[in-house]
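Below is one structure, written out as structure tokens; the observations come after it.
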């Protein structure tokens with residue numbers, strides 16, 4: 001089974017995502033991603049050590065509590081509490097294939113090295129993905145204003161050994177699944193939970209899935225159209241490239257070409 005290296009300098013397109021999902025590829029951080037993540041974390045640690053002024057979401061409360069200063073000894077607890085407090089989604093469970101895409105997109109987002117997380121946090125998300133330990137996420141609860149807060153809280157709650165996951169065909173406590181894959185619950189450092197919750201990987205995963213399904217639908221529709229044309233003794237002339245190049249619509253040209261390709265060599269249509 002091949003491994004896909006997460007590289008922030010390379011485009012992650014629909015084709016690559018499709019290959020990762022269909023072929024069950026494992027993920028790993030590229031050296032570039034690892035260096036960027038580590039450099040950003042080092043910068044944040046240095047900044048916290050050298051200044052005393054408040055930095056939102058790191059040593060302050062959130063939202064209306066932004067003027068509340070958090071003591072240094074409570075910075076890690078603040079991050080854990082942020083994840084716990086937002087893991088309050090409702091409704092049906094998000095399908096597992098969407099959850100897996102959420103993990104992929106979150107890992108990709110953090111790989112750019114702008115979020116201030118530890119490398120260990122990204123590696124833990126990769127471990128969930130590679131071992132098919134899929135957090136239980138609920139469909140309702142996201143506004144998408146500052147991010148998909150509730151769904152992403154559920155996605156990342158298992159990192160600290162809490163919440164539930166789907167693993168080996170069963171819904172189980174996250175702590176037991178982590179134990180089976182030999183992954184220790186994390187201790188979040190300053191800013192990490194904020195970085196994990198801020199993002200649009202919930203709606204992004206649904207968008208990617210819809211596009212992938214639409215692409216598959218288009219492929220099937222073109223094959224069905226070509227087969228039907230052949231079966232009903234139709235004509236190939238209306239799909240000639242000269243006709244469709246007049247309008248120059250990319251999609252129209254593509255479909256016409258697909259139908260011609262499918263019918264190439266047909267004794268009936270020709």
Helix 119-130 against the longest principal axis of the chain: what's the angle in degrees, Cα atoms only, rounded to the nearest 10?
40 degrees
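What full-extension length gain, to one decimal in nm, is calculated for residue 228 and residue 176 as 0.36 nm per residue of separation minus the Cα-Cα distance?
Values: separation 52, 0.36 × 52 = 18.72 nm, distance 5.28 nm.
Difference between extended and current length: 13.4 nm.
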Taking the Cα atoms only, what angle lies between the long axis of helix 31-50 and the longest principal axis of the chain, rounded to 10 degrees?
30 degrees
Packing-based order for 105-117, 200-212, using average beta carbon neighbours within 10 Å, highest first:
105-117, 200-212
Distance cut-off 24 Å, percentage of C-alpha pairs in segment 149-270 lying past it:
57 percent
Could you state the angle between the C-alpha long axis of helix 201-231 and the longest principal axis of the C-alpha atoms of the chain, as a value from 0 to 90 degrees rounded to the nearest 10?
10 degrees
To the nearest 0.05, the calculated FRET efficiency linking residue 22 and residue 51 through their beta-carbon distance, R0 being 41 Å, is 0.30
Given the options 190, 30, 245, which has the most mean-square fluctuation in a GNM of the chain, springs set between C-alpha atoms less than 10 angstrom apart?
245
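In µm²/s, what is D for the chain at 25 °C and 0.890 mPa s, where D = kT/(6 pi eta Rh) by Stokes-Einstein and Rh is the Kirkwood radius from Cα pairs? Could you put the intermediate results ahead of the total?
Working: Rh = 21.2 Å.
In µm²/s, the coefficient is 116.
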Applying a 10 Å radius around every beta-carbon, put 94-101, 166-173 in order of their mean neighbour count, most first.
94-101, 166-173
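Sort segment 67-175 into rounded, prolate or oblate with this rule: let a ≥ b ≥ c be the square roots of the eigenvalues of the Cα gyration tensor; rounded if a/c is under 1.5, and if a/c is not under 1.5, prolate when a/b is larger than b/c, oblate otherwise. Before the final figure, lay out each step's value.
Working: a/c = 1.56, a/b = 1.35, b/c = 1.16.
Here segment 67-175 falls in the prolate category.
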At a Förster radius of 41 Å, what calculated FRET efficiency corresponds to the Cβ-Cβ distance of residue 114 and residue 237, to the nearest 0.05?
0.15
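Just so you know, all these numbers are worked out from the coordinates, no wet-lab data involved. Keep in mind it's a predicted model, so treat the numbers as computed, not measured. Cβ: placed from backbone, ideal geometry, glycine included. Neighbour counts: every protein chain shown.
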